[in-house]
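The values are calculated or read from the model by the stated rules, or taken from the named source; none is laboratory data. If you're wondering where the values come from, they're calculated on a predicted model, not measured in any experiment. Don't worry about glycine lacking a Cβ; one is built from the backbone with ideal geometry, like all the others, and counts go over all protein chains shown. The area values use the complete protein model at the heavy-atom level, side chains included, leaving out ligands, DNA and RNA. Shrake-Rupley method; radii C 1.70, N 1.55, O 1.52, S 1.80 Å.
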Amino acid sequence: MAQMYKMSRIVRESLPILLSILGFSLFTGHNLETAFGIFVTQFPFLIIMVPAFINMAGGFASVFAARITSRLLLGELDRKYRPYGILFSDLIGLALVALTGFMVLSLITFGINVFFFGIEVSLFALFVIILVSGIFTTILMCGTGLFVAYVVVRKKLDPDNFTPPIITTLGDAVGTLLLVFLIRMILLA
Amino acid sequence: MGVDYSIIKKIYREVTPFVILTALAEIGAGALLTGLTDFYAILPGLILLLPGLMEARGNISASLGQRLGSAIHLGVIDWKLGFNDDLKENVKSSLFLGFVVAFVLACLAFFVSSLIGLSGLSLLGFILIALLTAFLSGITQIAITVLVALYSAHKGLDPDNITIPVLATLGDVFTVLYLLIVVRTIVWASTFLPI
């Protein structure tokens with residue numbers, strides 16, 4: 001079988017996008033984190049779940065993107081993602097996993113705060129904050145993954161080199177902002 | 001438009017356990033990160049280096065994981081084919097990208113920290129820390145990605161479902177751990193070397 005992967009192609013396709021994201025994460029990302037850090041000092045108990053939250057949302061969208069790009073390469077989905085039944089099965093499967101994952105994260109955060117730190121926090125408020133921001137971020141990242149893969153495949157590039165950096169960068173930014181917004185709305189109200 | 005329930009069931013069964021593990025491991029990584037606060041006091045510029053380093057490593061490994069998933073589905077890479085040329089090119093690219101990105105990030109972090117007046121580390125120090133961490137976490141994450149992708153497919157699981165959640169669980173923990181070790185070593189070495 002002919003060799004499919006060449007280092008020169010992987011590097012040529014990946015490096016520009018990785019470097020542009022670096023600039024982005026160094027300036028925007030850092031400012032966001034600092035602002036967020038100052039903000040959550042009012043709610044120190046929430047810090048423990050932020051890295052998990054961001055990584056989980058990124059993980060769901062990346063699994064989705066990985067599945068879609070494999071299906072595109074195998075020809076199980078055409079360039080316009082038809083048949084939609086397969087696409088929606090993947091999406092529903094991941095949405096259910098995300099729902100379970102974020103519910104478990106809410107419970108863990110609640111448990112650690114109540115049993116280890118003795119901090120009283122409403123489980124319902126945690127559910128709303130984590131589930132709403134988590135599901136919204138995951139859906140946005142999956143949508144971005146579909147869009148990026150669509151554009152990249154049309155340009156005859158390998159979507160596996162493009163989807164992870166773009167969706168995780170966008171997801172981190174939107175996820176963090178949404179968390180801050182919901183914490184402000186619900187816990188400061 | 002027929003939704004295929006077997007696909008939904010397979011995704012749910014294969015992905016959920018790892019996602020819950022990710023949540024637990026990340027909370028552990030968060031605790032580990034607080035170990036870095038001492039170093040932020042000695043080397044404030046590190047706060048510019050760590051998030052970028054973790055993100056870049058995660059992205060490079062996730063791309064590798066996705067490429068391996070696709071390649072396994074296409075039959076180009078397989079447990080039985082072993083370390084063939086396609087797999088070698090993937091591994092080499094991932095390691096090389098990690099080095100280039102770490103080097104650029106170290107330079108950027110140095111200039112930004114000089115600009116905003118965060119002192120404590122020379123350009124050489126930044127580059128050494130970034131490259132050593134990139135090397136250690138690169139090797140570890142590549143090994144995890146390759147083994148998990150190939151082995152899960154060998155066991156009849158879908159590598160697209162398994163590889164990325166496992167990486168997300170272990171990747172950050174290793175990167176933070178290595179960074180702690182490397183920073184400790186560099187700080188120690190700087191007492192007798194001109195870093």
### Task
Identify all residues within region B:142-161 that are open to solvent by less than 10 Å² (accessible area, probe 1.4 Å) and of a type outside the set (Gly, Ala, Ser); write none if there are none.
B:Thr145, B:Pro159, B:Asp160, B:Asn161
### Query
Only one of these conditions is not met by A:Phe116: (1) within 21 Å of B:Pro51 (Cα to Cα); (2) at pLDDT below 85. Which number is it?
(1)
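If you take just the helices (runs of 4 or more DSSP H) that sit entirely in region B:24-125, which of them hold at least 1 residues that are at pLDDT 95 or above and more than 8 Å from every other protein chain (Cβ to nearest Cβ)?
Because the criterion is at least 1 residues that are at pLDDT 95 or above and more than 8 Å from every other protein chain (Cβ to nearest Cβ), the helices (runs of 4 or more DSSP H) in region B:24-125 that meet it are B:46-74, B:85-115.
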### Summary
Residue set A:Ala95, A:Ala66, A:Ala61; condition more than 7 Å from chain B (Cβ to nearest Cβ) and either farther than 19 Å from A:Phe147 by Cβ or open to solvent by less than 20 Å² (accessible area, probe 1.4 Å) (or both); output residue A:Ala61
#### Entry: Matching residues in region B:82-100 - criterion: being within 19 Å of A:Phe162 (Cβ to Cβ) and among the β-branched types (Val, Ile, Thr)
B:Val100
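Answer with yes or no whether B:Leu157 is outside any helix (DSSP H, G or I) and within 24 Å of A:Ala61 (Cβ to Cβ).
Spelling it out, B:Leu157 is indeed outside any helix (DSSP H, G or I) and within 24 Å of A:Ala61 (Cβ to Cβ).
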### Query
Is there any pair with a first residue in region A:5-20 that is within 16 Å of B:Ala62 (Cβ to Cβ) and acidic (Asp, Glu) and a second that is open to solvent by 20 Å² or more (accessible area, probe 1.4 Å) and in a helix (DSSP H, G or I) whose Cβ atoms are under 9 Å apart and which are 6 or more apart or on different chains, and what are they?
A:Glu13/A:Phe162
### Summary
The residue that is farthest from A:Ala125 (Cα to Cα), considering only those in region A:148-165 that are touching a helix residue (DSSP H, G or I) at 6+ places or on another chain (Cβ under 9 Å) and open to solvent by 50 Å² or more (accessible area, probe 1.4 Å), is A:Leu157
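Could you check how many residues of region A:114-134 are open to solvent by less than 80 Å² (accessible area, probe 1.4 Å) and part of a loop (DSSP other than H, G, I, E, B)?
Count: 4.
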### Task
Please go through region A:12-22 and pick out each residue that is within 7 Å of another protein chain (Cβ to nearest Cβ) and either surrounded by fewer than 19 Cβ atoms within 10 Å (Cβ to Cβ) or at pLDDT below 85 (or both).
A:Leu15, A:Leu19, A:Leu22
